[in-house]
Amino acid sequence: MLNIIREQPTAESLAKIFAESPSIHLLPPENDPAWRAAASNPVAAHFIKPIREQALAEIDSPMPVLTDELYADYFKTGIRTNFELLWFERRRRVARAAIATLTEPEPTAREKFRQSLIAKLTTVLDEVSWTFPAHAPTEPTGKNPMMIDLFAAETCNLFAEMLDVFGDSLTALRPRIVARLKTQFFDNYLTGEFWWPKSPNNWNAVCHQGVLGAALAVSDDPALLGRLFSRAAQMLPTFLAGFGADGGSSEGPGYWGYGFGWYMELNRQLEARTKGKLSIVEGDPHVRAIAQFGPRMTLTNGNAVNFADGSHAAVPRPGLLQYLGERFDSAFIRSHAALGWQRATGKPFSVNGQRDDFLNFSRLLLRCPTTLGPPQKLPDGDLFMPDLAVAVSRFHDRAGNVWEFAAKAGHNEEHHNHNDLGSYLLNIDGKRMLIEIGAPEYVRDFFKKETRYTFIAARSLGHPVPLINRQEQPMGAEYKATSLQKDFDDKHVALTIDLTAGYAAEAGCRKCVREFEIDKPAGRLRVTDTFELAKADALETAIITDSPITLRDGFATITRDGVTLRITPDENTMIREVQKHPYRTHAPADGTVDRIVLVPKKLSTNAVIGYSIDLVAVASS
């Protein structure tokens, strides 16, 4: 098996391999036994039932309309969601109709679903532009028919897979689909100039998968495939370079599932299409390390470590984990896949999320096990990722409560950066007690450097980090933190982070060192910040939560779902106030985050702010 990323073969040599590998179905065609097996799988029934019910409810409903006014809305307002929510809904309806067609056993009903699918696909095919207006920001119309962005690439792959699976049913649409894919994507990829092939983030992988995955599904031209993959082999290493040697990415586990998940889907398609002759992962230990990142950042109760623009709910999809576990023969990833299947079947299945599309639905059903093993739980353990500069600790206190703690160092020009050096989060029994806000609503100003850090979610004010002489941490790679002491054992965690270089000269910071100490049996976290300052006009740090807070007798309590934490300032520290900050969540919806502000009782140039966090109550379940 030839890894084209590592070997960099010529377009001619690749064309020869493709010529020797006649095209095949990359997904089972409509009447393949694999879909009947999925339809009769008792575990998969948990997913299929709500998909079919929703598809039936909208079988004759018109698709939401993307009007010219909606396309132009972003250019006028900077608001993305008015357009994007409907864009995603149109693709979801295609996905639901497709899955209903593939899993419906009764012929008459199946034909109705098929006609609904064809009508919906025709509507999407009629869209002049598949690109998000936010990704064509200079176009007053919001339309760019030749742009290859994340979501045009996704739509490209969607139509290729529709031809692959429903080919005979789409005879009338095939010429239009093939012509559009060739012009907008295959030829355009080879001759156009785009920024994302040179970027080490999720765009690189997702756009490549959309274009190349579609070509693998619909093209019989070995020379075209050779040219496409020869160019991709030069660009995809940049994506992998966005991950440290430890496999971590500051984009976080959610974007890992998106970017790396789509990268791995492209690998599956390439290996299948060439019958194992070509690969983009074979024999690469770095890719194996990357494959473990999502599971490593997974926390209890469907939570994840969500620094920067990460979502706390960004746990890896079980279908992706199933493939990763098999492809890399990893017991660690397989165990997370087993947990993922149990978690997914233990709650109502959503068919209306942003990523509830055909790519994910189809892989979910085709990879779903027929039985679930014994209940799985995440094991205790400590982890430090040196390149990512993130520490994670999971342990049980002596009362049996699960503590999950994560903290970060790094620098302030990371992917989806927040100015958050020294930030941390704490979950108890799967409940988010001390939080990272994660991504707010995505609007134009959030992606402009001059305005991004006016948002509470991205600025230091929205994180549990010091403000020194009223100065927050600035944005820029030169503002960085260094991990110093790192001691982990069965009873303790000790982590020290030097934040001195995280502040600009105006802060007058000669030294700022943060120490985390955890007594695991007792269930206690201590945070101590030690300062040496050139001046001492103001100094504070904060605790960030979205749970109810009570102040009494100099300490604070935070309560969520029966779990209560007590915040006890050290003798030289006091709680000054609780600040409430409204913001727009990523959903989007109105939200509020609270800052418990701690300050030294006596302000000086040699100051210490310290506090303890103790678990004082857990409601019996």
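Numerical summary
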| read-out | value |
| --- | --- |
| Where the range 259-362 is the region considered: accessible area per residue in Å², 1.4 Å probe | 31 |
| Alpha-carbon Rg/Rh ratio, for the range 483-608, with Rh computed the Kirkwood way | 1.00 |
| Label-to-label distance, nm, for residues given as residue 469 and residue 451 (7 Å Cα→Cβ offset) | 3.1 |
| Alpha carbon centroid spacing (whole Å) that separates the range 173-252 from the range 13-60 | 23 |
| Value in Å of the Kirkwood radius, where the range 323-386 supplies the Cα pairs that are averaged | 13.7 |
| FRET efficiency estimate (nearest 0.05) - Cβ-Cβ, residue 376 to residue 442, R0 25 angstrom | 0.15 |
| Histogram of C-alpha separations across the range 391-517, 5 Å bin width, % | 2, 10, 19, 20, 18, 14, 9, 5, 2, 0 |
| Accessible-area value, residue 484, 1.4 Å probe, nucleic acids and ligands omitted, Å² | 80 |
| Spin-label zone in the range 266-306 - amide nitrogen under 11 Å from a point set 7 Å from the Cα of residue 20 along the C-beta vector | 277-278 |
| Convex hull of the range 69-155 built on C-alpha atoms - directionally averaged projected area, nm² | 5.7 |
| Scattering profile of the range 573-621 at q = 0.18, 0.21 Å⁻¹ [log10 I(q)/I(0), Debye over alpha-carbon scatterers] | -0.81, -0.86 |
| Area of residue 411 that stays accessible when all protein chains are in place (1.4 Å probe, Å², to 10) | 60 |
| Structure-based [θ]222 nm, the chain - -39500 (n - 2.57) summed over DSSP H runs of at least 4, per residue, nearest 500 | -11000 deg cm²/dmol |
| 17 Å tail of the calculated P(r), the range 280-319, as % of Cα pairs | 39 |
| Solvent-accessible ranking of 187, 168, largest area first, probe 1.4 Å | 168, 187 |
| Sequence of 76, 49, 182 when ordered by accessible area, the most exposed leading, probe 1.4 angstrom | 76, 49, 182 |
| Relative contact order of the chain, defined on C-alpha pairs under 8 angstrom at six or more residues apart (%) | 11 |
| Column: log10 I(q)/I(0), Debye, Cα scatterers of the chain, q = 0.10, 0.13 Å⁻¹ | -0.94, -1.43 |
| Axial C-alpha extent at least 27 Å, average Kyte-Doolittle at least -1.0 - helices from the chain (DSSP) | 81-103, 252-273 |
| Residue 249 accessible area, assembled protein chains, probe 1.4 Å, Å² | 10 |
| Cα convex hull of the range 166-273 - mean projected area over all directions, nm² | 7.6 |
| Hull volume in cubic angstrom per residue (convex hull over the Cα atoms of the range 1-150) | 191 |
| Portion, in percent, of the accessible area of the chain that falls on carbon or sulfur, probe 1.4 Å | 53 |
| Descending semi-axes in whole angstrom, ellipsoid equivalent of the range 11-61, from the Cα gyration tensor | 37, 15, 9 |
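The values are calculated or read from the model by the stated rules, or taken from the named source; none is laboratory data. Fair warning: this is a prediction, and the values are worked out from it, not measured in the lab. FYI the Cβ positions are ideal-geometry reconstructions off the backbone, even for glycines, and counts take in every protein chain you see. The accessibility values were calculated without ligands, DNA or RNA, using every heavy atom of the protein model including side chains. Shrake-Rupley method; radii C 1.70, N 1.55, O 1.52, S 1.80 Å.
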